[in-house]
Structures are given as structure tokens and as C-alpha cells.
Amino acid sequence: MSEVVRFENVGLRYGLGPEVLQDITFGLEAGSFHFLVGPSGAGKSSLLRLMYLAHRQTRGVISLFGQDTIGLPREKLPNIRRRIGVMFQDFRLLPHLSAFDNVALPLRVAGVRESEIKRHVEELLVWVALEDHMDVRPPTMSGGQQQRVAIARAVIARPKILYADEPTGNVDNRIAARLMHLFEELNKLGTTVVIATHNESIVNEFGRPILRINSGRLETNQQELTRKNSSEAKLRNIENSYTQRRGQ
């Protein structure tokens, strides 16, 4: 399996302050699923911002889909970003648009037909238990409802990579489990998933490889991460082959 994300000795500092990320090195294979964990202030959100190109590193090399992001021409950035879905911790919904229109936005930007948009958006909003809030605007929604709209918007276009920052932080356990199964289904379709979370019970329950960051440094043993990625990829290939044989 090819890597869709590669960090080599990456450091990040804001302004003239100390580095908030130091010597970060890791790779994520296409179709993998990881949790990003660590205490508050450890650097999880900063690492995610580098991964979805919101910030540029101070030093080191970051490659996405095999391309060095530093040398990437400006005109190619939109195409890279369209392949990435992001669920922000602060949601970043457009307040003047309904839940339906917020979720539909990535598909409209991509030029998808309105009939297809309607079908896909309605189906996804039912999945996240917002079928009765499709026409509601974010300012009148609860934090948990806004969070589910943000998740739906992030996954609607089936991105190649999905980054989710605390996606279960404002919902009850039942909805949290439902959202995690949504991420798993997306992952089965080939999307690389990275979830930043403080929820240790979800991390333990789903048993995926972990990127653990502490004081700006990645503590994960890269050899162990690579081994888990390889085992996960082999299992997925076996499952796909079995499914194909059954369909013949």
C-alpha cells in the first residue's frame, strides 16, 4: 500500500516562540485508520493543521499523495485540498445556510447534479440522526447537532483522507458509536481516517493504531505503527477478495 501522508523531521513554531511540534516523523498508508491522542496542549490540533495544509511547517518535509507540499505550485493546492475532508473542532459551519445546504456545499463546489446531491445529503443526515433538522440553521442548533452537521459535511464527498478533531466530544454514547461506525464504513471504502480524540474508551473499543503526541513530540514507535498498518492492509485485501468472490 502506498503512503498518502509522510512527515520527515517536521517542526512547527508560531512566530518567534518555541517549537510546538518537534522532529515529527511518520507515514500513513492509503486506507489506514488511526487515532491521534495526547493530553490537552500536546500538539494534536497543530499536527492536524499541518496535515490538512492550514499551516506550513517551520522545517522538515511533508508529502501528501506523494507530493512534497513545500514545492507544490499554488494552483495545485485546491485539487489536493478537495481530496481531504476535515471535521473541525469548532465546526466552522456557515450560519446563514441550513444543515442541508452546509452538507451539500462540497458536492455543489464539485459540480454534482442537484438530484444526486439531494439523495446523498438526505441519506447522510438520516444516518447522523438529523432527518428532522435538515432545514434548520446552525445558530438554532445544539452543539451536538452542529457537530453532526460538520461530520456529515466532511464525509459527504468521500474524501481520500478524513481528519476529524474530537468528533464525539459533544454527543452521547449512542450517537458517538453511530458516528464511529460511519467512519469505519468510509474507511472500508478506501478513505484514510485520522481521528484526534480524548475519548480513551472509543480508542480501546475500536482498537486501531495510535499516534500518541506529548509535549510536541510523537511517541509512537514507528516500527510498531508500520507493522500494524501492514497487518491492517493485508486483512482489508483478504476481505475485499472474499467479497469479490461472493459477488461472482
Computed over the stretch 73-134: relative contact order in percent, which uses C-alpha pairs under 8 Å that are six or more apart | 28
Interchain or sequence-distant (5+) residues whose placed amide H lies within less than 5 Å of the amide H of Q89 are D165
Note to self: C-alpha centroids of the stretch 82-155 and the stretch 182-210 sit apart, in Å, by 21
Rounded to whole Hz, the Karplus (6.51, -1.76, 1.60) HN-Hα couplings of the stretch 208-217, x for glycine and proline | 8, x, 10, 9, 10, 10, 8, 6, x, 10
So what is the relative contact order of the chain, in percent, for Cα pairs below 8 Å that sit 6 or more residues apart?
-> 28
Can you run phi through the Karplus equation (6.51, -1.76, 1.60; θ = phi - 60°) for the stretch 93-107 and list ³J(HN,Hα) in whole Hz, with x for Gly and Pro?
-> 7, 7, x, 8, 9, 5, 4, 4, 6, 4, 5, 6, 3, x, 6
With the charge dipole of the chain built from beta-carbon charges (+1 for Lys and Arg, -1 for Asp and Glu) about the Cα centre, the Cα from A177, F65, H34 projecting farthest to the positive end belongs to F65
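For I24, what charge total do you get from the other residues with a beta carbon under 13 Å from its beta carbon, if Lys and Arg give +1 and Asp and Glu give -1? Spell out each step's value before the answer.
On the way: positive: R6, R13, K44, R49, R59, R212, R217; negative: E8, E19, D23, E219.
Value of the local net charge: +3.
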Could you give the nm distance between label points at S98 and N204, where each point is 7 Å from its Cα heading toward the beta carbon?
-> 4.3
What ³J(HN,Hα) values, in whole Hz, does the Karplus curve 6.51 cos²θ - 1.76 cosθ + 1.60 give for the stretch 19-24 when θ = phi - 60°, with x put for Gly and Pro?
-> 5, 8, 10, 9, 6, 7
DSSP beta bridge pairing in the chain, given as percent antiparallel to the nearest 5 | 50
Using a Cα distance threshold of under 30 Å, what count of lysine pairs results for the chain when pairs must be 8 or more residues apart or interchain?
-> 15
Estimated distance in nm for a label pair at N214 and I70, the labels positioned 7 Å out from Cα along Cα-to-Cβ | 3.0
For the chain, list log₁₀ I(q)/I(0) at each q in 0.07 Å⁻¹, using the Debye formula over Cα point scatterers of equal strength and ignoring solvent, two decimals each.
-> -0.24
Shape category assigned to the stretch 39-156 from the gyration tensor of Cα positions, a/c cut at 1.5 | oblate
Taking r as the C-beta separation of V112 and V61 and R0 as 30 Å, the FRET efficiency to the nearest 0.05 is 0.30
Which of rounded, prolate, oblate describes the stretch 58-122, given a ≥ b ≥ c as roots of the alpha-carbon gyration tensor eigenvalues and a/c under 1.5 marking rounded, otherwise prolate only if a/b is larger than b/c?
-> prolate
Just R174, R148, R83 to compare: in a GNM of the chain, with alpha carbon springs under 10 Å, which one fluctuates most?
-> R174
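A short reminder: the numbers here are calculations on the coordinates, not readings from a lab. Please read all numbers here as calculations on a predicted model, not as lab measurements. FYI the Cβ positions are ideal-geometry reconstructions off the backbone, even for glycines, and counts take in every protein chain you see.
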